[in-house]
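Below: one structure, written as structure tokens.
The values are calculated or read from the model by the stated rules, or taken from the named source; none is laboratory data. Here the structure is a predicted model, which is why all the values come from computation and not from measurement. Cβ: placed from backbone, ideal geometry, glycine included. Neighbour counts: every protein chain shown.
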């Protein structure tokens with residue numbers, strides 16, 4: 001409700017009469033007063049300029065001849081002008097020739113605001129018209145020459161007093177006008193509002209069920225529009241009273257009937273709720289029953305993988321293990337079917353190799369195809385990118401469901417999988433699965449994507465009827481589409497489209513030959529400061545640098561880094577951006593603002609887990625001489641250091657960008673040995689030390705994050721997750737690196753919707769890694785034990 005709505009009608013009418021008139025009076029008073037004051041100032045200024053010009057013209061001879069008496073007489077005659085404080089005449093060089101002050105020039109008056117007018121005294125040449133003289137002495141130059149200056153100082157005391165008097169008179173007159181306007185507006189508003197307020201009272205009585213008009217009405221005796229309206233309202237009240245009695249009877253009858261209908265609806269609703277609960281219990285029960293033996297299958301397959309196997313056995317065991325893991329993922333989604341129905345599907349996008357993912361899916365389905373006598377024909381579009389960014393697991397689940405159905409219902413035939421880039425939209429895949437099976441009727445196509453529906457012409461009776469439903473929901477969640485075309489006896493074609501992000505530019509590092517070894521710089525006697533709150537990060541950086549004979553000093557927060565930089569001289573500073581007490585960019589800002597300190601011009605490199613946007617780079621990294629993204633690539637690391645220490649001219653180009661290292665994005669494994677090896681300089685002893693420390697801290701960090709999330713201490717939780725993210729980047733755990741990054745962003749933004757999902761994914765990745773910890777550490781210990789033996 002606005003402030004105006006709170007006023008009664010008579011007050012609104014009063015405002016309507018007062019505000020425009022008052023505004024007009026104030027505007028006119030302001031305008032006239034301003035105009036008068038401006039004219040007064042202009043007149044005074046013009047008069048003073050004329051006086052200064054007159055004195056200057058009268059003083060030409062006296063200044064030119066040096067007649068001081070004449071000058072004093074001139075200024076003595078002019079000093080009696082009103083508001084004039086002093087007059088001075090000076091030579092061209094500034095020497096005072098004459099000076100006089102007025103009798104009103106008291107110290108108090110002189111201290112108040114005043115105005116000075118300076119007029120030059122110019123000597124004009126004598127006019128001549130003798131051409132013969134021009135021939136003898138030459139033509140004189142017709143230019144004026146300034147020989148002195150006249151300075152007049154005026155007091156604004158009188159004019160300010162006059163201004164005050166004018167303003168006061170204007171205020172008194174305006175106030176009087178406003179009072180008169182107010183009285184007139186009040187009288188008019190009361191006269192208009194009185195009958196309307198009476199009518200309002202009558203309407204208020206009617207709304208409360210009193211349909212009888214008042215016996216004495218001052219309105220009915222009048223003949224204006226308001227009286228006509230009032231009489232009409234009173235007649236309407238009589239009619240409403242009669243209709244109300246009739247409607248009350250009908251409402252009582254309808255209410256009784258409605259109660260009977262509601263009872264039937266409540267009974268039907270109760271049956272529906274029971275049916276839905278039974279469906280959910282069925283899904284939950286059957287999924288749990290399946291998951292129990294499936295966990296045993298996965299566990300035994302992992303044990304078999306550790307035994308000695310030939311190539312064919314390894315291929316079969318790996319395919320079985322991958323199939324079991326995919327089945328485990330699908331069953332977990334069936335357990336969350338209620339969330340799936342509500343559209344709450346967790347999307348985990350990552351970079352993966354498109355063609356290889358499809359071929360892996362076909363490998364998983366090859367056994368089923370062989371049993372049914374089906375040949376799988378895959379046709380790949382050469383224009384398709386090698387790598388895309390999408391949800392790899394759900395992409396594989398879509399393929400598995402659609403190709404599996406095609407194999408099931410088209411025995412002893414060929415199933416064609418056709419991949420092409422959509423010609424209509426950029427960055428969109430179009431995949432068709434064509435079979436030569438029994439086909440689907442038009443009626444059954446309408447039932448394909450409904451829960452628990454099985455087609456009438458399919459007699460196999462296999463499945464729960466959820467496969468295509470889940471597939472459709474997943475495609476919708478990934479912003480794709482699916483279309484079905486079929487003819488009975490000729491086969492069916494399922495075509496789905498899926499948008500993706502092209503990430504081919506992120507994989508240039510893969511083109512590097514595996515045998516390539518970059519020359520490492522000699523850092524002997526170089527003093528380097530490393531500041532990072534994560535101990536694993538500090539160990540890794542110091543290990544890389546000390547191998548090249550650098551003298552490394554490590555600190556674990558921003559304040560320590562600043563204190564040390566103010567005391568010791570370093571050749572290079574490596575600063576983590578996100579640290580306790582002071583951020584890395586804050587530390588560098590204070591160092592750069594102290595020219596007397598030893599590291600004022602020392603090159604500084606920002607170490608960051610990720611750059612989320614150009615804005616972050618502009619605000620946090622642009623002040624550094626270079627930056628590196630975790631996990632640190634050894635070649636990029638030493639290339640940048642060597643450039644900053646030996647080649648780079650910081651005075652002309654203070655910023656050196658580093659190529660983005662996205663190698664960790666290439667893997668979807670919980671632990672990737674190649675990534676860890678590249679990050680830790682391929683040193684088995686150091687890798688074992690780092691990974692033992694990483695795994696030993698992981699469980700405690702996970703518990704701390706979970707407690708802080710429950711307590712809604714999101715900032716504290718984000719700091720711990722940031723440390724986990726940095727360690728994960730170095731230790732070859734790409735899935736944990738991705739999930740910790742997503743959780744950290746959600747925690748720092750305080751996103752209540754995304755935090756639970758991101759935290760769940762974070763915890764699952766940690767649990768997976770802790771389950772693999774023993775096997776990872778043992779695989780690193782075996783080569784070391786053999787060397788020791």
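So that you can scan it fast, the table gives a plain yes or no per residue for (1) in contact with a helix residue (DSSP H, G or I) (Cβ under 9 Å, 6 or more places away or on another chain); (2) at pLDDT 80 or above; (3) under 30 Å from residue 124 (Cα atoms):
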residue	(1), (2), (3)
34	no, yes, no
55	yes, yes, yes
91	yes, yes, yes
94	no, yes, yes
In segment 495-544, the residues that are in a loop (DSSP other than H, G, I, E, B), under 30 Å from residue 468 (Cα atoms) and modelled with pLDDT under 85: 503
Extreme residue, modelled with the lowest pLDDT, among residues of segment 305-349 that are in contact with a helix residue (DSSP H, G or I) (Cβ under 8 Å, 6 or more places away or on another chain) and part of a loop (DSSP other than H, G, I, E, B): 343
Condition check for residue 466: within 40 Å of the chain's Cα centre (by Cα), at pLDDT below 90 and closer than 28 Å to residue 370 by Cβ: yes
Of all residues in segment 177-193 being more than 57 Å from the chain's Cα centre (by Cα) and closer than 12 Å to residue 22 by Cβ, the one that is modelled with the highest pLDDT: 180
Count of segment 224-234 residues which are assigned to a helix (DSSP H, G or I) and loosely packed, with under 11 Cβ neighbours inside 10 Å: 2
Residue 574 vs. criteria at pLDDT below 90, surrounded by 16 or more Cβ atoms within 10 Å (Cβ to Cβ) and closer than 20 Å to residue 731 by Cα: no
Qualifying positions in segment 600-623 - touching a strand residue (DSSP E or B) at 6+ places or on another chain (Cβ under 7 Å) and at pLDDT 80 or above: 602, 603, 604, 605, 606, 607
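Table: residues versus (1) modelled with pLDDT under 60; (2) assigned by TED's automatic domain parsing to the domain that holds residue 63; (3) surrounded by 11 or more Cβ atoms within 10 Å (Cβ to Cβ).
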| residue | (1), (2), (3) |
| --- | --- |
| 120 | no, yes, yes |
| 125 | no, yes, yes |
| 133 | yes, yes, yes |
| 158 | no, yes, yes |
| 195 | no, no, yes |
| 204 | no, no, no |
| 209 | no, no, no |
| 221 | yes, no, no |
Residue check for residue 432: in the same structural domain as residue 489 (by TED's automatic domain parsing) and within 17 Å of residue 375 (Cα to Cα): yes
Residue match in segment 390-407 (condition: surrounded by fewer than 17 Cβ atoms within 10 Å (Cβ to Cβ) and assigned by TED's automatic domain parsing to the domain that holds residue 352): no
Listing of helices (runs of 4 or more DSSP H) fully contained in segment 659-777 that carry 2 or more residues being crowded, with 16+ Cβ neighbours inside 10 Å, at pLDDT 80 or above and not assigned by TED's automatic domain parsing to the domain that holds residue 392: 684-710, 714-730, 734-749
Residue 80 being assigned by TED's automatic domain parsing to the domain that holds residue 151 and modelled with pLDDT under 80: yes
Residue ID - farthest from the chain's Cα centre (by Cα), chosen from residues in segment 48-65 that are closer than 21 Å to residue 157 by Cβ and surrounded by 14 or more Cβ atoms within 10 Å (Cβ to Cβ): 51
Wholly enclosed strands (runs of 3 or more DSSP E) of segment 373-436 bearing at least 1 residues more than 17 Å from residue 482 (Cβ to Cβ): 375-379, 387-390, 414-421
From 448, 455, residue being modelled with pLDDT under 80, buried (at least 17 other Cβ atoms within 10 Å of the Cβ), more than 23 Å from residue 498 (Cα to Cα) and out of contact with any strand residue (DSSP E or B) (no Cβ under 6 Å at 6 or more places or on another chain): 455
